[in-house]
Amino acid sequence: MVVLNAAVLDDAARLAAVERGRRTLPRLRIPLDGIARLAARLLDAPMGVITFIGAEEEHFAGSFGLPPSLAAGGQASTAYSVCKYMVSIDAPVSSPDMLADDDPQLREHPLAGEYGVKAFLGVPLRDADDRPLGSLTVLDTRAREWTDAQLSTLIEVVELLGPIPDRPDTAENIVEDAAAEQRSFLSAILDSMGEGVLALDADGEAVVFNRALREFYELPATGSPGEAIDAAMAHLHQRDGTVMKPDELAVARAMRGQIVTDTEAVLCVPGLPDRYLLTNARPIRDADGRRIGAVSTVRDVTGRRRTERFRDCELAVASILNQADTLTEAGSAVLQATADALGWRYADLRLVDQTACTLDRIARWHTDGHDVSDLLPEQLRPDQASVATLVWATGQPIWVPDLTRLPVVHDDDARRRIDAYTERGLRALLCAPVCDGGTVLGVISCFTDAAEDDEFLLTGFLTGVAGQLGHFLSRARADDLAQDLGQARADFTSLIGHDMRTPLTTIASYTDLLLDDPRERSDDDRHLLQAIARNSTRLRGLIDNLIDLAALQSGHLSLQMCDVDLTAVFAAACEAAKPAADAAGITLQPKLDDDVHVTGDPDRLRQLADLMLAGAIAINPGGGEVPLALTCTGGAAQITLCGEAAGDHRCVPGDTSFSAERATARAIVEQHGGTLTVTGTPDTADTGLIIRLPLPAD
């Protein structure tokens, strides 16, 4: 609820002060319209206004965005004022939505009804005697909640204006006050900027060295600009490391008439990481074009430069790993690239020995005088206290920004190592796990001689490098497994090709001799011999299929490539499979596009068709329909086999009894540059097989 205090509003002393303030404030050369605009933009509002409340009228001293009909003449009836509420209680007043307010004074306010104003936030303006004379108010046509931060911002803007002057309007006072106000206003603006600002006067003397620039150089807030620039010069270097001379400063070059754009320097403060500064500078000229000084702006681009170096390092690490067979071979080069990108002094890499359960150092790199490899053994056990073993145990990176400021360390060995690190000039430490999924495979550790504070950027970078190492180890292990699997496949093929096939041939031969023996045998004996012969033949066929599959997968079996009419191949296969399908109660439903040609081996493609149909028939003993489609789509010949079988069977060669046939089919397809995809899942009603073979180029 808002309050109207007639005693305050009608106070004669206050009204007299309002009249003096109305005359004095505009003469101080403070950009009052600019202040109103600044307040509105800082609070993301469309309107801002500086007003004084008189006896019957509200006077506009500065405004931004007000409707012309409201601001015409520089004043309006107090009925349109919200400033009166701030003056009445001498405190900030706000409303998030006037139209929805419980107070009828706001709900029926003319600003809301005639101009669509819904929300406002205002702070009172006072004179030197602390009397409320008016307010700085921002208004919005949207309903909105005003935050404490926005209120604080508006109060700070009011503080820039200071007390409303209440002095005789002498020219001397006006000029003096205007100069003081402008100096304070300019100083506040410069100190609120995130960029550093340095300015020289016509004599080359430093007159501005703002707060941000002092923070860049770790300088105290006190002290003149001249003292600050003298202190800063001791730490400023060129990109090549040479100390920068005063006449090489961008602002000094601007004093000579140059416009300087994006010149870079390095700030080297002992005990702190190097920082990279980007400077722009230009001369300051008066209305007649005379050079009266120079100004430069300075930005800290350390994060950007580090990010660029880190990106280049990750590319370099990828290149190193691509050319290496083992991580032991690549380790030193990877560590050097990583430490160079960080600008750090020592790095080492350890891998987990799963058999011995130790963390073994495989590589290290260091600059002169910073080798600390002797402080830890080559092999670390899990029970040895160290940052590396802690990272190994937790799988999380550990960041120590300053070894000299660690809390109490109770382990004596760890305490001695920390003391040794600092004695050798090392201050910060970062360790990251090298992982494959959730398994820690190793640890990479880096040390530097300066305290660091950019934990997020540095940890993210080293974790990324560790991820590259983990991927390399995972890929190497996968290659080893693939090689072992290939050898096992070759051994198995050799086994079934000789050690199984030879005795099986002997069994089959003797069985045939017994069956061909003219001597009379009982029916039981003959049935047994026929079963042996039948199963021997089946087993020999399975062995032949496995040998054929191994030859296809290894690429040792060459294909006789030519133009093949795929439509004719599948039509013939369907015709050949019809008797077996009829016997199983299965209806084949081929739907084949005409004249579909591919480049391939006709015998192998016929084998593929036979395998598909035989598998579909064999795993559907209860009968059913088996649709088979051959179409051309997306630059490929597509064969689709699907259907509905009785019970829970699927009309796809996906049953475990037909895994060899399916593997053979896949090998044939892949040898022809195609793909084989099983659609659906074993527990769904619709399961299918889709084969795509490339069509010949036109």
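The values are calculated or read from the model by the stated rules, or taken from the named source; none is laboratory data. Since the structure is predicted, the reported quantities are computational estimates derived from the model, not experimental observations. Ideal geometry is used to build each Cβ from the backbone, glycine not excepted, and the neighbour counts take in all protein chains shown.
Consider region 5-29. How many of its residues are surrounded by 13 or more Cβ atoms within 10 Å (Cβ to Cβ) and either in contact with a Phe, Trp or Tyr (Cβ under 7 Å, 6 or more places away or on another chain) or part of a helix (DSSP H, G or I) (or both)? Reasoning before the result, please.
So in region 5-29, the residues surrounded by 13 or more Cβ atoms within 10 Å (Cβ to Cβ) come out as 5, 8-9, 11, 14-15, 17-22, 24-25, 27-29.
From what's left, either in contact with a Phe, Trp or Tyr (Cβ under 7 Å, 6 or more places away or on another chain) or part of a helix (DSSP H, G or I) (or both): 8-9, 14-15, 17-22, 24-25, 27-28.
Counting residues in region 5-29 that are surrounded by 13 or more Cβ atoms within 10 Å (Cβ to Cβ) and either in contact with a Phe, Trp or Tyr (Cβ under 7 Å, 6 or more places away or on another chain) or part of a helix (DSSP H, G or I) (or both) gives 14.
Under 8 Å between Cβ atoms, which residue pairs at least 6 apart in sequence (or on different chains) link something in region 581-605 that is closer than 20 Å to residue 634 by Cβ with a partner that is surrounded by 18 or more Cβ atoms within 10 Å (Cβ to Cβ) and of a type in the set (Phe, Trp, Tyr)?
If the second residue must be surrounded by 18 or more Cβ atoms within 10 Å (Cβ to Cβ) and of a type in the set (Phe, Trp, Tyr), the pairs left are 592/570.
Would you mind stating whether residue 45 is hydrophobic (A, V, I, L, M, F, W, C), in a loop (DSSP other than H, G, I, E, B) and either touching a helix residue (DSSP H, G or I) at 6+ places or on another chain (Cβ under 8 Å) or crowded, with 22+ Cβ neighbours inside 10 Å (or both)?
Working: hydrophobic (A, V, I, L, M, F, W, C): yes; in a loop (DSSP other than H, G, I, E, B): yes; either touching a helix residue (DSSP H, G or I) at 6+ places or on another chain (Cβ under 8 Å) or crowded, with 22+ Cβ neighbours inside 10 Å (or both): yes.
Considered against the rule, which asks whether it is hydrophobic (A, V, I, L, M, F, W, C), in a loop (DSSP other than H, G, I, E, B) and either touching a helix residue (DSSP H, G or I) at 6+ places or on another chain (Cβ under 8 Å) or crowded, with 22+ Cβ neighbours inside 10 Å (or both), residue 45 comes out as yes.
Can you pull out the residues in region 591-606 that are surrounded by fewer than 17 Cβ atoms within 10 Å (Cβ to Cβ) and either touching a Leu at 6+ places or on another chain (Cβ under 8 Å) or assigned to a loop (DSSP other than H, G, I, E, B) (or both)?
If we filter region 591-606 for residues that are surrounded by fewer than 17 Cβ atoms within 10 Å (Cβ to Cβ), which is where we start, we get 591, 593-595, 597, 599, 603.
Scanning region 591-606 gives 591, 593, 594, 595, 597.
If we scan region 341-349, do we find a residue that is assigned to a loop (DSSP other than H, G, I, E, B), more than 31 Å from the chain's Cα centre (by Cα), under 23 Å from residue 448 (Cβ atoms) and of a type outside the set (D, E, K, R)?
Looking through region 341-349, none of the residues is assigned to a loop (DSSP other than H, G, I, E, B), more than 31 Å from the chain's Cα centre (by Cα), under 23 Å from residue 448 (Cβ atoms) and of a type outside the set (D, E, K, R).
Being within 17 Å of residue 197 (Cα to Cα) and surrounded by 14 or more Cβ atoms within 10 Å (Cβ to Cβ) is the requirement here; does residue 272 meet it? Reasoning before the result, please.
Details: within 17 Å of residue 197 (Cα to Cα): no; surrounded by 14 or more Cβ atoms within 10 Å (Cβ to Cβ): yes.
It is false that residue 272 is within 17 Å of residue 197 (Cα to Cα) and surrounded by 14 or more Cβ atoms within 10 Å (Cβ to Cβ).
Considering only residues of region 501-552 that are of a type outside the set (Ser, Thr, Tyr) and assigned to a loop (DSSP other than H, G, I, E, B), which is surrounded by the most Cβ atoms within 10 Å (Cβ to Cβ)? Explain how you work it out, then say what you get.
Looking only at region 501-552, we keep the residues that are of a type outside the set (Ser, Thr, Tyr), and these are 501, 503-504, 507-508, 512-521, 523-535, 538-552.
Next, only the ones that are assigned to a loop (DSSP other than H, G, I, E, B) stay: 517-521.
Values: 517: 10, 518: 4, 519: 5, 520: 7, 521: 13.
Out of the qualifying residues, it is 521.
Return the only residue of 464, 425 being at positive phi and either assigned to a helix (DSSP H, G or I) or over 19 Å from the mean Cα position of the chain (by Cα) (or both).
On the way: 464 fails: at positive phi.
Going through 464, 425 in turn, just one is at positive phi and either assigned to a helix (DSSP H, G or I) or over 19 Å from the mean Cα position of the chain (by Cα) (or both): 425.
Does residue 60 meet the test of being in contact with a His (Cβ under 7 Å, 6 or more places away or on another chain) and not in a helix (DSSP H, G or I)?
Values: in contact with a His (Cβ under 7 Å, 6 or more places away or on another chain): no; not in a helix (DSSP H, G or I): yes.
Considered against the rule, which asks whether it is in contact with a His (Cβ under 7 Å, 6 or more places away or on another chain) and not in a helix (DSSP H, G or I), residue 60 comes out as no.
Suppose we keep only residues that are among the β-branched types (Val, Ile, Thr) and in a strand (DSSP E or B) within region 610-641. Which one would you say is surrounded by the fewest Cβ atoms within 10 Å (Cβ to Cβ)? Write out each step before concluding.
Narrowing region 610-641 to residues among the β-branched types (Val, Ile, Thr): 617, 619, 626, 631, 633, 639-640.
If we keep only those that are in a strand (DSSP E or B) as well, we get 626, 631, 633, 639-640.
Working: 626: 26, 631: 14, 633: 10, 639: 24, 640: 17.
Filtering first and then ranking leaves 633.
When region 110-124 is examined, which residues are found to be over 30 Å from residue 162 (Cβ atoms) and buried (at least 16 other Cβ atoms within 10 Å of the Cβ)? Spell out the reasoning first.
So in region 110-124, the residues over 30 Å from residue 162 (Cβ atoms) come out as 110, 112-116, 118.
Passing the criteria: 112, 115, 118.
How about region 394-419: which of its residues are outside any loop (DSSP other than H, G, I, E, B), closer than 16 Å to residue 444 by Cα and in contact (Cβ under 8 Å) with a residue 40 or more places away in the chain?
Taking region 394-419 and keeping what is outside any loop (DSSP other than H, G, I, E, B), we get 394, 398-400, 403-405, 412-419.
Those still in the list that are closer than 16 Å to residue 444 by Cα too: 394, 398-400.
Listed by number, the list holds a single entry, 399.
Quick check: anything in region 248-266 in contact with an Asp or Glu (Cβ under 7 Å, 6 or more places away or on another chain) and either under 28 Å from residue 453 (Cβ atoms) or in the same structural domain as residue 209 (by TED's automatic domain parsing) (or both)?
Yes, region 248-266 has at least one match.
One residue is enough: does region 24-41 have a residue meeting the conditions assigned by TED's automatic domain parsing to the domain that holds residue 94, over 23 Å from residue 94 (Cβ atoms), touching a residue at least 40 places away in the same chain (Cβ under 8 Å) and in contact with a strand residue (DSSP E or B) (Cβ under 8 Å, 6 or more places away or on another chain)?
Yes, because at least one residue in region 24-41 is assigned by TED's automatic domain parsing to the domain that holds residue 94, over 23 Å from residue 94 (Cβ atoms), touching a residue at least 40 places away in the same chain (Cβ under 8 Å) and in contact with a strand residue (DSSP E or B) (Cβ under 8 Å, 6 or more places away or on another chain).
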